[in-house]
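Read-outs throughout are calculated quantities, based only on the coordinates presented, and are distinct from any laboratory measurement. Keep in mind the model is a prediction, meaning the values are calculated, not measured. Glycine gets a Cβ as well: all are built from the backbone with ideal geometry, and neighbour counts include every protein chain shown.
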Amino acid sequence: MIGELTNHLWQSTIFAVVAGLLAVAFRKNRAQVRYWLWLSASLKFLIPLSLLISLGNSLRDALGGGVIATEIAPPTVSRTMVQITQPFPDTLSFAPSAPHTTSWIPMAILGVWACGFATIALMRFRGWLSVRAAVRASTPIDIPTTIPVRASRELLEPGIVGFLRPILILPGGILKNLTPSQPGAVLAHDQVPQR
């Protein structure tokens, strides 16, 4: 179990690093491209590769893929394929069995990962609390859009918050510093349709 978890963590971490590098490479593209990159990295953390492999094996067995491959292929190829697809035995016959010792390295990797995950989760939670406080302290602004617009003194830049009931939050006093055409650009940047 620890081995599978360790494999999942290092594979997902490499996947996240690659997604981060791609996000940097695509920084001049639309934000939606970077969003899908980070969403795929998040989904990779949620779905272990071993789960996908076992799902594929069960589908292969259910559809009879193994039987078809062994009946159609020449005997040497089918024997080789059967040998390759077999899991490793718990004990190898050519190696002397050593007393089982628990390795602390996978546990240390798991502990470091758990600490990093907890730190990031705490930072995200604190950020969510500050945005929630900014929304509560904000005041409504009358701008003709399809979603409510509010002004907050606590924010430095505009942004949309909320998933089910999105709200566009603007920094307090931003409309005083913009020309008449610039609020439309702010709304277009945040992809808010105007009425």
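For the reader, a short list of remarks on this structure follows.
- Tensor-based shape of the range 131-180 (alpha-carbon gyration tensor, a/c under 1.5 rounded, otherwise prolate or oblate): oblate
- Between Leu164 and Ser130, the modelled labels are 2.6 nm apart [label points 7 Å from Cα along Cα→Cβ].
- Going by neighbour counts of Cβ atoms within 10 Å, the residues Ile143, Ile169 line up, fewest first, as Ile143, Ile169.
- Ordered by the count of other Cβ atoms within 10 Å of each Cβ, fewest first, His189, His8 give His189, His8.
- In terms of other Cβ atoms within 10 Å, Thr13, Thr139 run from fewest to most in the order Thr139, Thr13.
- Residues whose amide H lies under 5 Å from that of Ile141, counting only those 5 or more places away or on a different chain, are Val149, Arg150, Ala151; hydrogens are built 1.01 Å from N in the peptide plane.
- Hydrodynamic radius of the range 107-195 per Kirkwood, over alpha carbon pairs, in Å: 14.8 Å
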